Each structure stands twice: as C-alpha cells, then as structure tokens.
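A short worksheet on the structure shown next.
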Amino acid sequence: MQRGSLKAVVVSIGFWLAWLLLGAGLLLPTPTASFCLVFLAVSCAVVPLAFGDTKRRIGAVIALILGVALAVSLVGRIGHDPSFKKNRPAPTRQTG
C-alpha cells in the first residue's frame, strides 16, 4: 500500500470489510440478518473491484461471487423465518 494514498486506503478497507461482513453473514443463524450482511459485503466488494490492484481485484471477485451465491441461497429461507412473518401479533399498548 502506498503511503499517503487515500485511494489505496479506501480499497484496503473495502476489501477487508467485504470479507468480514461475508464471514459474519455466514455465522449468523437468522436468514434475514445474514442476507443484510451479505448484501453489505457485496456492496463493499465493488470498491476494490473497481479501483484495486490485481491481487485485491481477484479477492474482491471471489468475495462478490461468494456473496451473491450466499444471498441467492438465503432468499428462499427468508420466507420461512418466523421473525419475518407478516402475521405477527400486534404490539399491545399500555395506557396509564
């Protein structure tokens, strides 16, 4: 990484943040939360893909492919998530 280069710092942060979010998305048991983290990981992988050097671009492509594959696999499970159901009981209001 070049000293004093803001572009290099942003690329490095985007690269590592994409991999950390992807790992966190794999570890969470809730499909809805995992999907949100994987979506953020895919979004963060775009910056190193566009502006990084060859090594960072290859890593960003791998993170992007894994993130998209995981997001596609989570879409079917989100519908069966009990916290995502629309027929949840209405919250009760306490007066007093």
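Across region 34-55, the qualifying residues are those that are surrounded by fewer than 20 Cβ atoms within 10 Å (Cβ to Cβ) and more than 15 Å from V68 (Cα to Cα), and the one among them that is nearest to the chain's Cα centre (by Cα) is A50. In region 5-34, the residues that are among the charged types (D, E, K, R) form Cβ pairs under 6 Å with partners that are surrounded by fewer than 19 Cβ atoms within 10 Å (Cβ to Cβ) and in a helix (DSSP H, G or I), at six or more places apart or across chains, as follows: K7/F51.
Can you confirm whether F39 is modelled with pLDDT under 95 and over 30 Å from S12 (Cβ atoms)? It is false that F39 is modelled with pLDDT under 95 and over 30 Å from S12 (Cβ atoms).
The values are calculated or read from the model by the stated rules, or taken from the named source; none is laboratory data. Fair warning: this is a prediction, and the values are worked out from it, not measured in the lab. Here Cβ is always computed from backbone atoms with ideal geometry, including for glycine, and neighbour counts include all displayed protein chains.
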